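In what follows, a single structure is set out as structure tokens and then discussed.
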Amino acid sequence: MQMPRFEVPEALVTEILSKLPVKSLMRFNCICKYWCSSFRTPHFISKHYHNNLKNNNLNPLLQRFDGNANLAYLSQLSVEKDENFLVKQNIRLPFFIHDSPYVWGACHGLFCLHSSFMNDMEVAIWNPSTREFKILPQSSVQRPTYPGLTCKYVIFDCGAFEFDFKNDDYKFIRFVTLCYVDSERGIESPDDVSQVELYSLKCDSWKEIPSPNYRPLDYCLSNNCLDGICYWQIVTGNSPYEKVMILSFDMANEKFSVSPILEFVGFFSKTNINVLVFNGSVGVLVYPVEGIDKSFDLWVMNGKEWTKQFSIESIPGVVNPLGFWKNNELFLLNTNYEVVLFDPSTQELKVLGINSYLDHHREYVSLFFYVESLVSINGIQEHRDHIIRQLVGDASNNINRNIDQVDTKYDDG
Amino acid sequence: MGSTSTKIKLRTSDQKVFEVEKAVAVQSQTIKYIYENGCPDSVIHVHSVSGDILSKILDYCKKHVNSAAGKEDISPEELYEWDANFVKVDQNTLFDLILAANCLKIESLLDLTCQTVANMIKGKRPEEIRTTFNIKNDYTIEAEEAVRRENKWAFDMLGGVGTMVIEELADDTMSKCVTNAKSRVCVIAANQIVMMRSISKLANKKSIDVYKQPQNPTTPRIKESVKQINVGTGFIELFFHFKCKM
């Protein structure tokens, strides 16, 4: 079909272009220099992102670990109406192949990934829409020194990735534990030291943050940040008198604060508590560890108070939640290692036919959601160093020349 | 002030006069501003909009006002359908609607019409876009090549609809898979073994039939030998979407 010519003022061309998927825009970079540079302006990037946000164009990304092949990978799920979250594409990140990295995000369409191998401190920021990634420089934070002791291990504890809107900067914060050994005899010192490091993308550097007197836990569903603040769970007190609170860190003023205690019914050791962001608030999802008919309580923090937002009674045959979708629908993992979707308004539990390929790695299944964005991270394109999206067994993307290409059209989703 | 059935008169570029309810007319921020800051009884001139286009726009505004006010019993899905049909017009009309929605400052209509054009152009090749928007290519050949290479993946016809995970084939006959326009999977292997299955069936399939590609591409494909392939470990990506001669 021939496209006719149109005389359209520039502002309207921008209006139209800002509604295109990222893949189209990347392709249209070569149309003319002006278009290419205009896609990089903060105004266009922001307009494009807000269009996606306004239309709630969420894209699910499933993280899985193939226990047989010993490979970690991410899967893009379809959001087409009748495709039932079909897996569209599998992505292997070359710098985290054999471990299942910790993932935070998405923040403006960006993810932050951290190696989960003990002692490995590799971190990367990734934009799955533009396929740009950046491996962060090594941390330059000084480890405290003690006479007669050597710092042997630096172990990652937990972290968060969020946008500091006051300084127009993306930041990554992480808690590490330092293990020391006696320099002469190599015996481990019983006392660990905790440090907090903050990376700024704008400065491309790390710095130390004064450590709060808490050791946070990284049990969150999908994302643990909202409006420039990061959240983790902290547990104080001894069993069975544990108290759960939320530790928060404001990326802009770089300060910690603590929420009131969450009063929930049940024993801490028999309850799972996941921090999450839900409908513009921070909260926790509380559910029992045992049993396969699980009930879920969602508590939300409103200023200084905890309120129970809602409960989902008794979903049969599920093991753990993966994250909320639109309209309060909840993704979960069932006892057959399949991803299911529960709709509380109809009480319907839909099996999505996505296997999580797991034998022993149930805890390595996670779900993340992102909105497409053009945000640049001064990184490099996926294809330059590593081919990330590929067939297992065939690294080439060459089109077989025996097949006629009639009326080529790109599928930009 | 004024009753709910206040009417506003609008005169178009081709001298047609429309009398519309105020609630409908003020969907346009431009008309609203003129009405509130000018003389409320006089006729408002909408210079750059023709009668035909204004008529269509007023239909849109009326539908949306009525649905929001609850005057019409229409669900969000039905309104969405109505909007989709509203923009099923010829392209000249569509662009006239965009220009008018912009000039009259009707945000939801501007969003709707621009999204419609975006959906029309998103799968196109750069050459077609240049023609449509009458853009001169100011790259040198080398510079354009460099930009294309940098964004190579966006030119890949791989990915999107029709991709999915299927179980890996047991042996090394697999080199790549493609789907054709009819959403049937066509797998082309290094030694020309081809298999076909519809995508939805493949999702839960444990084994796949194998067909052999004849040497002469014009002879119809025949099920030369059916070989059951067993499920292996791991996975492969399935690629997409272009028409292949069956």
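The values are calculated or read from the model by the stated rules, or taken from the named source; none is laboratory data. Everything numeric in this text was worked out from a predicted model, so none of it was measured. Cβ: placed from backbone, ideal geometry, glycine included. Neighbour counts: every protein chain shown.
A quick yes/no check of all residues on (1) of a type outside the set (Gly, Ala, Ser); (2) at pLDDT 95 or above; (3) closer than 24 Å to A:LEU276 by Cα:
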{"residue": "A:GLY105", "(1), (2), (3)": "no, no, yes"}
{"residue": "A:HIS114", "(1), (2), (3)": "yes, no, yes"}
{"residue": "A:ALA124", "(1), (2), (3)": "no, no, yes"}
{"residue": "A:GLU132", "(1), (2), (3)": "yes, no, no"}
{"residue": "A:ARG143", "(1), (2), (3)": "yes, no, no"}
{"residue": "A:TYR146", "(1), (2), (3)": "yes, no, no"}
{"residue": "A:ASP157", "(1), (2), (3)": "yes, no, yes"}
{"residue": "A:PHE163", "(1), (2), (3)": "yes, yes, yes"}
{"residue": "A:LYS202", "(1), (2), (3)": "yes, no, no"}
Fill in: segment B:108-149 - residue that is farther than 28 Å from B:CYS61 by Cβ and acidic (Asp, Glu) and, of those, farthest from the chain's Cα centre (by Cα)
B:GLU142
Worksheet item: So is A:ARG27 of a type in the set (Lys, Arg) and within 22 Å of A:ALA124 (Cα to Cα) or not?
Response: no
Practice prompt. Please give the number of the condition A:THR177 fails out of (1) surrounded by fewer than 17 Cβ atoms within 10 Å (Cβ to Cβ); (2) closer than 20 Å to A:GLY105 by Cβ.
Written response: (2)
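Kindly indicate whether A:SER139 is hydroxyl-bearing (Ser, Thr, Tyr), at pLDDT below 90 and under 22 Å from the mean Cα position of the chain (by Cα). Talk me through it step by step, then tell me what you get.
Numbers: hydroxyl-bearing (Ser, Thr, Tyr): yes; at pLDDT below 90: no; under 22 Å from the mean Cα position of the chain (by Cα): yes.
Here the answer is no, as A:SER139 does not meet what is asked.
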Worksheet entry | Looking only at segment A:9-40, and only at residues there that are buried (at least 19 other Cβ atoms within 10 Å of the Cβ) and part of a loop (DSSP other than H, G, I, E, B), the one that is farthest from the other protein chains (Cβ to nearest Cβ) | A:PHE39
Worksheet item: Can you find a residue in segment A:97-110 that is acidic (Asp, Glu), away from every other protein chain (no Cβ under 12 Å) and without any contact (Cβ under 8 Å) to a residue 40 or more places away in the chain?
Response: yes
Worksheet, complete the sentence: Okay, helices (runs of 4 or more DSSP H) sitting entirely in segment B:51-132 with 1 or more residues that are of a type in the set (Val, Ile, Thr) and modelled with pLDDT under 95, I get B:51-68, B:91-104, B:107-121
